[in-house]
Amino acid sequence: MKNNNRKKRLEILLERQKRKQDKINSNNYGVLFNEYIEALGNEVTIFSNEKSNELYESFENQVPFTTFSRIDWNKIENHHLISDLSEVADLLKNEYVEVYWSSENFPVTKTKFQKVINAFDDLIAISSVSVTYLYIPMKYVIEVYHEGDITIGYL
């Protein structure tokens, strides 16, 4: 009896993994995006294009931007330059973060902040000319500039 339960559980897990892999492979966002998603592992949401558009619009309404797709830090009173995401890991360890890009047409993803830290190299490899934003709605925004600057702002 136990063997049958284990076998069924294994089949369910394998099917879930196959569906997840099929979802990753079905997008046309490129190899680097796929590697980023794989590096995140479980607990990642990839929003549809329609939902991503809604989220981008809301994000742009909540966060002030310059004409160069950078966050206008002059309009966010409490912000700090950090050298590494691990500097704020304790503060954000239990938070889910939405990931946005300034250029290219990637969908918004959502996962735990710690998973983003673990997959950071894959995240920044996606686009070498883009700015990446990590957003915890109504709380924090982190701008990862392609030249290496990382700034966190408290909303």
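Among the numbered criteria (1) under 15 Å from the mean Cα position of the chain (by Cα); (2) of a type in the set (Ser, Thr, Tyr); (3) at pLDDT 95 or above, which single criterion is violated by Ser127?
Evaluating Ser127 over (1) under 15 Å from the mean Cα position of the chain (by Cα); (2) of a type in the set (Ser, Thr, Tyr); (3) at pLDDT 95 or above leaves (3) as the failure.
Looking at (1) surrounded by 15 or more Cβ atoms within 10 Å (Cβ to Cβ); (2) closer than 16 Å to Gly30 by Cβ; (3) over 11 Å from the mean Cα position of the chain (by Cα); (4) not hydrophobic (A, V, I, L, M, F, W, C), find the lone condition where Pro107 falls short.
(3)
(1) within 20 Å of Ala119 (Cβ to Cβ); (2) at pLDDT below 90; (3) among the acidic types (Asp, Glu): which one isn't true of Glu38, the others all being true?
Among (1) within 20 Å of Ala119 (Cβ to Cβ); (2) at pLDDT below 90; (3) among the acidic types (Asp, Glu), Glu38 violates only (2).
Would you mention how many residues in the stretch 47-71 are within 16 Å of Val97 (Cα to Cα), of a type in the set (A, V, I, L, M, F, W, C) and in contact (Cβ under 8 Å) with a residue 60 or more places away in the chain?
3
Quick check on my filter: what residues within the stretch 111-132 are assigned to a helix (DSSP H, G or I) and of a type in the set (A, V, I, L, M)?
Scanning the stretch 111-132 gives Val116, Ile117, Leu123, Ile124, Ala125.
Might you let me know whether the stretch 41-53 holds any residue that is within 20 Å of Ile117 (Cα to Cα) and either part of a strand (DSSP E or B) or hydroxyl-bearing (Ser, Thr, Tyr) (or both)?
Yes, there is a match, as at least one residue in the stretch 41-53 is within 20 Å of Ile117 (Cα to Cα) and either part of a strand (DSSP E or B) or hydroxyl-bearing (Ser, Thr, Tyr) (or both).
Please name all residue pairs, on different chains or six or more residues apart, with Cβ atoms under 8 Å, provided the first residue is in the stretch 129-155 and is of a type in the set (Lys, Arg) and the second residue is surrounded by fewer than 21 Cβ atoms within 10 Å (Cβ to Cβ).
What qualifies is Lys139/Glu95; Lys139/Tyr154; Lys139/Leu155.
Test of understanding: among Glu143, Glu95, Glu87, which residue is at pLDDT 95 or above, under 13 Å from the mean Cα position of the chain (by Cα), surrounded by fewer than 18 Cβ atoms within 10 Å (Cβ to Cβ) and farther than 17 Å from Ala39 by Cβ?
Answer to the selection: Glu95.
Residue check: is Tyr100 touching a residue at least 12 places away in the same chain (Cβ under 8 Å), crowded, with 19+ Cβ neighbours inside 10 Å and under 30 Å from Leu13 (Cα atoms)?
yes
Select from the stretch 54-81 the residues that are closer than 17 Å to Ser130 by Cβ and assigned to a loop (DSSP other than H, G, I, E, B) and write down the one among them that is modelled with the highest pLDDT.
That would be Val63.
Only one of these conditions is not met by Ile76: (1) more than 28 Å from Asn34 (Cα to Cα); (2) exposed (fewer than 14 other Cβ atoms within 10 Å of the Cβ); (3) among the aliphatic types (A, V, I, L, M). Which number is it?
Only one criterion is unmet by Ile76, namely (2).
What is the one condition in (1) loosely packed, with under 13 Cβ neighbours inside 10 Å; (2) assigned to a strand (DSSP E or B) that Tyr135 does not satisfy?
With respect to (1) loosely packed, with under 13 Cβ neighbours inside 10 Å; (2) assigned to a strand (DSSP E or B), Tyr135 is out only on (1).
The values are calculated or read from the model by the stated rules, or taken from the named source; none is laboratory data. Everything numeric in this text was worked out from a predicted model, so none of it was measured. Positions of Cβ are backbone-derived with ideal geometry, glycine not excepted, and every protein chain shown enters the neighbour counts.
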